[in-house]
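Presented below is the structure to which this report refers.
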Amino acid sequence: PQEARAIESEHFDRFARTVVFAVRDSKGKKEKRVIPLHREAVAILTKLALKYPTGKLFRNKYGRPWRKDGIVLRFSRMREKLGCEFFAYAIRHTYATDALLRGIDPVTVATIMGHKDAKMILKVYQHI
């Protein structure tokens, strides 16, 4: 969720199908962060990059960048509508769980998720 709010057109590489945060923009500010994208994500970001060639890509209906509270509110509304527990980090957790169950090694999952090593993945998902 934090990275989604930070994505700008300059971070999106449509042809490499990645979002790349330079060291100065990355979460830990120690190395660049490369996020591989699925084709649906590339399509969404392409559309947003054309609409917003500068600044944040994810914006609300008023054209203002997403804020933390706005994301929380959106997921709260989705929870009410769907009738089940649902929050932004659940998507991240589900991705990691699914990747490990499909046989992707913990080091690769950790790298994709932006962890410096696999310790967190092994700790949190050891039950798999």
Check: Name the helices (runs of 4 or more DSSP H) wholly within segment 37-128 that hold at least 2 residues that are within 22 Å of residue 12 (Cα to Cα) and of a type outside the set (A, V, I, L, M)?
Finding: 39-51, 88-101, 106-113
Check: Across segment 91-103, which residue is most open to solvent (accessible area, probe 1.4 Å) among those that are more than 23 Å from residue 31 (Cα to Cα) and hydrophobic (A, V, I, L, M, F, W, C)?
Finding: 101
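Being touching a residue at least 12 places away in the same chain (Cβ under 8 Å) and surrounded by fewer than 15 Cβ atoms within 10 Å (Cβ to Cβ) is true for just one of 56, 32, 119, 61. Which residue is that?
The unique qualifying residue is 32.
Residue-wise test of (1) more than 14 Å from residue 113 (Cα to Cα); (2) surrounded by fewer than 15 Cβ atoms within 10 Å (Cβ to Cβ); (3) in contact (Cβ under 8 Å) with a residue 60 or more places away in the chain.
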| site | (1), (2), (3) |
| --- | --- |
| 11 | yes, no, no |
| 25 | yes, no, no |
| 52 | yes, no, no |
| 73 | yes, yes, no |
| 85 | yes, yes, no |
| 89 | no, yes, yes |
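The values are calculated or read from the model by the stated rules, or taken from the named source; none is laboratory data. Just so it is clear, the model here is predicted, and its values are computed rather than measured. No Cβ is skipped: glycine too gets one built from the backbone with ideal geometry, and neighbour counts run over all protein chains shown. For accessibility, only protein heavy atoms count, side chains too; no ligands or nucleic acids. Shrake-Rupley method; radii C 1.70, N 1.55, O 1.52, S 1.80 Å.
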